[in-house]
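Structure in C-alpha cells, see below.
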Amino acid sequence: MSGIRFDGVSVAYDGTTVLDGLDLTVEPGEVMALLGPSGSGKTTALRAVAGFVRPVAGRVLIGGRDVTALPPHRRGIGMVVQQYALFPHMRVADNVAFGLRARRTPKAEIPGRVTEALELTGMASYARRYPRELSGGQQQRVAIARALAIRPGVLLLDEPLSALDAQLRSGMLAELARLHRELPDVSILYVTHDQVEALTLADRIAVMDRARLQDCGTPRELYRAPRTEFTASFVGNANLLPVTAAEDGAVFAGRALALDRGRTAPGAPATLCVRPHLLALGPGPNALDGTVTEIQWRGSTHRLYVDVSGHRLKADLPELRTPPPLGTRVTLHFAPTDAVLLERAPAHA
C-alpha cells in the first residue's frame, strides 16, 4: 500500500476551517514536503492521513484505498513526530518492537524485523540502551526505526528535525536522504517550516498558507520559477519589487528592465522576483542604483542591503575584500534570465 491522495479534504475545529479543500497526490515512492508557516494547515493535512483528525469534507486515500473512516492502526502507516515519543522505561529494541507487538506480528518474526530496522538506521549496536542514554540524533533514528519496523507503505514525518541543533540536523538530513534511496517504494509525507529541509529532501514541495494549497512543484521549479509571490518569498530568499509589466520586461521606478521569464499583460501591475545571489555589484544589464544601508559578513559571502527608490534589496555577494561603506551609492545588476515576473498578489483585508 503506497501513495497518498487528498480528494477535496477539509478539516474544521469549532467551526474554523484549518484545511480547506486540499487536492494533492503523493505518488508511490515519492517524498512530498508540506512547507508553510505555522497555522498554514500542513500538520492538519498530515494528521488527516494518520487518522488523528476526521475531515468534514473530502476523502483520504492510501494506495488507492479510501481510509477516511479507518482508525490509525488500520492504515498501514509509520509516523515520526517532533519529540520522538520514545518510551523511557523501554530499551531501544523494545521501543522498536512496540508497533510490531501492537499489530500482533508473530513473535518469531519480531527480533528479525527489529534488527532490520535498527541496521537500516545505523542503530543496531544501541539495541540494549535506554533512550536517556542516547543523543537527540540517536533518539530520532530510533523513532524512525520504530516507524519502519512495521514496513509501512507510507511514512509520515512531522517536523522530525526541529528539536535538533544545526549540526545534528544536517547529519539527519543526509540519513533521511539515504533512507529514501534504500526504501524506493515507501511514500513519504514530510511536514516542515524549514525551506532547506524541503529543498534538500523532497521530490516535490506543496506550499501551504491560510489553510490552502498555494503551489506545488519540484524544488527547482519553485525556486527558479515561482508562480506566486508567496512561493517566491517562502521558498528561498527573494527580492520582490513592485513593477509595471511591459512588452519585453517591466518598468521599476522609471527604469526599463529586460526579462526573459514570466509574462503579464503590458501595463498591468506585477511583481519582479530576483534572488539575492543573482544580483551582482557594478554596472551591467538591468542596473539598479541605490544606497548601502547595512552590511553583513557571512563567512564566504557578504550580504548587502541597498535602498533602491525606497525599496530594500538584499544582495548576496562573494566575500568582498573591501566592502563599500554604509551610505555609499552603488549599482546592482542582474541578467534578464535571472528574474521572473509574477502577477501582483491581491491585498488581504
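The values are calculated or read from the model by the stated rules, or taken from the named source; none is laboratory data. Predicted model only: the values in this text are computed from it and were never measured. As a convention, Cβ positions derive from the backbone with ideal geometry for all residues, glycine included, and neighbour counts pool all protein chains shown.
Can you tell me which of (1) crowded, with 22+ Cβ neighbours inside 10 Å; (2) more than 24 Å from residue 208 (Cα to Cα) is the one residue 239 doesn't meet?
The failed condition is (2).
If you go through segment 172-208 one residue at a time, how many are of a type outside the set (A, V, I, L, M) and either surrounded by 19 or more Cβ atoms within 10 Å (Cβ to Cβ) or touching a helix residue (DSSP H, G or I) at 6+ places or on another chain (Cβ under 6 Å) (or both)?
8
Let me ask something else about it. Could you please find all residues in segment 13-36 being touching a residue at least 24 places away in the same chain (Cβ under 8 Å) and of a type in the set (Gly, Ala, Ser)?
Taking segment 13-36 first, the residues touching a residue at least 24 places away in the same chain (Cβ under 8 Å) are 17-24, 26-36.
Of everything in segment 13-36, those that are touching a residue at least 24 places away in the same chain (Cβ under 8 Å) and of a type in the set (Gly, Ala, Ser) turn out to be 21, 29, 33, 36.
Hey, another quick one. Would it be correct to say that residue 149 is small (Gly, Ala, Ser), surrounded by 19 or more Cβ atoms within 10 Å (Cβ to Cβ) and out of contact with any Lys or Arg (no Cβ under 8 Å at 6 or more places or on another chain)?
Values: small (Gly, Ala, Ser): yes; surrounded by 19 or more Cβ atoms within 10 Å (Cβ to Cβ): yes; out of contact with any Lys or Arg (no Cβ under 8 Å at 6 or more places or on another chain): no.
In short, no.
Residues of segment 285-334 being touching a Gly at 6+ places or on another chain (Cβ under 8 Å) and small (Gly, Ala, Ser), which ones?
309
Here is a list of conditions, (1) within 25 Å of residue 227 (Cα to Cα); (2) surrounded by 13 or more Cβ atoms within 10 Å (Cβ to Cβ); (3) touching a strand residue (DSSP E or B) at 6+ places or on another chain (Cβ under 8 Å), and residue 295 meets all of them except one; can you say which number that is?
For residue 295, the failing item is (1).
For segment 311-330, how many residues meet the condition of being surrounded by fewer than 16 Cβ atoms within 10 Å (Cβ to Cβ) and either outside the structural domain of residue 296 (by TED's automatic domain parsing) or more than 24 Å from residue 236 (Cβ to Cβ) (or both)? Steps first, answer last, please.
Step one: filter segment 311-330 for residues surrounded by fewer than 16 Cβ atoms within 10 Å (Cβ to Cβ), giving 311-312, 318-322, 325-329.
With the extra rule that they be either outside the structural domain of residue 296 (by TED's automatic domain parsing) or more than 24 Å from residue 236 (Cβ to Cβ) (or both), the set shrinks to 321-322, 325-329.
Residues meeting the conditions: 7.
Six or more apart or on different chains, Cβ atoms under 7 Å: show the pairs whose first residue is in segment 198-227 and under 16 Å from residue 18 (Cβ atoms) and whose second is surrounded by 20 or more Cβ atoms within 10 Å (Cβ to Cβ) and among the basic types (Lys, Arg).
Going by the 7 Å Cβ cut-off, the qualifying pairs are 208/42.
Answer yes if at least one residue in segment 140-150 is in a loop (DSSP other than H, G, I, E, B), assigned by TED's automatic domain parsing to the domain that holds residue 25, out of contact with any helix residue (DSSP H, G or I) (no Cβ under 8 Å at 6 or more places or on another chain) and in contact (Cβ under 8 Å) with a residue 60 or more places away in the chain, and no otherwise. Lay out the reasoning, then the answer.
The first filter runs over segment 140-150 and keeps only residues in a loop (DSSP other than H, G, I, E, B), leaving 150.
Subsequent filtering for residues that are assigned by TED's automatic domain parsing to the domain that holds residue 25 retains 150.
When the remaining residues are screened for being out of contact with any helix residue (DSSP H, G or I) (no Cβ under 8 Å at 6 or more places or on another chain), the result is none.
Within segment 140-150, none of the residues are in a loop (DSSP other than H, G, I, E, B), assigned by TED's automatic domain parsing to the domain that holds residue 25, out of contact with any helix residue (DSSP H, G or I) (no Cβ under 8 Å at 6 or more places or on another chain) and in contact (Cβ under 8 Å) with a residue 60 or more places away in the chain.
Working only within segment 299-308, note down all residues that are over 13 Å from residue 276 (Cβ atoms) and modelled with pLDDT under 95.
Matches in segment 299-308: 299, 300.
Within segment 228-235, is even one residue crowded, with 18+ Cβ neighbours inside 10 Å, free of Cβ contacts under 8 Å to residues at least 60 places away in the same chain and of a type in the set (Val, Ile, Thr)?
yes
Which one of 254, 171 is at positive phi and of a type in the set (Gly, Ala, Ser)? Break it down into steps so the answer makes sense when it comes.
Values: 171 fails: at positive phi.
After applying the criteria, what remains is 254.
Kindly list the number of the only condition in (1) of a type outside the set (A, V, I, L, M); (2) assigned to a helix (DSSP H, G or I); (3) under 25 Å from the mean Cα position of the chain (by Cα); (4) at pLDDT 85 or above that fails for residue 175.
Looking at each condition in turn, residue 175 falls short on (4).
Another one. Please specify each residue of segment 21-51 satisfying the condition of being surrounded by fewer than 17 Cβ atoms within 10 Å (Cβ to Cβ) and either at pLDDT 95 or above or of a type in the set (Asp, Glu) (or both). Write out each step before concluding.
The first filter runs over segment 21-51 and keeps only residues surrounded by fewer than 17 Cβ atoms within 10 Å (Cβ to Cβ), leaving 21, 23, 25, 27-29, 37-39.
Scanning segment 21-51 gives 21, 23, 25, 27.
Can you find, within segment 1-20, the residue that is surrounded by the most Cβ atoms within 10 Å (Cβ to Cβ) among those that are among the small types (Gly, Ala, Ser) and at pLDDT 95 or above? Give the derivation first.
First, the residues of segment 1-20 that are among the small types (Gly, Ala, Ser): 2-3, 8, 10, 12, 15.
Applying the additional criterion that residues be at pLDDT 95 or above yields 8, 10, 12.
Working: 8: 12, 10: 19, 12: 16.
My answer is 10.
Does segment 148-157 contain any residue that is farther than 14 Å from residue 80 by Cβ and of a type outside the set (Asp, Glu)?
Step one: list which residues in segment 148-157 are farther than 14 Å from residue 80 by Cβ, which gives 151, 153.
Right, trim to of a type outside the set (Asp, Glu) and you get 151, 153.
Yes; the residues of segment 148-157 include at least one that is farther than 14 Å from residue 80 by Cβ and of a type outside the set (Asp, Glu).
Do we have residue 184 as in a loop (DSSP other than H, G, I, E, B), within 30 Å of residue 123 (Cβ to Cβ) and not small (Gly, Ala, Ser) here?
So residue 184 passes the test.
Inside segment 32-135, counting only helices (runs of 4 or more DSSP H) that do not spill past its ends, which hold 2 or more residues that are within 26 Å of residue 191 (Cβ to Cβ) and out of contact with any helix residue (DSSP H, G or I) (no Cβ under 8 Å at 6 or more places or on another chain)? Reasoning before the result, please.
On the way: elements: 42-50, 92-102, 110-120.
By residue number, 42-50.
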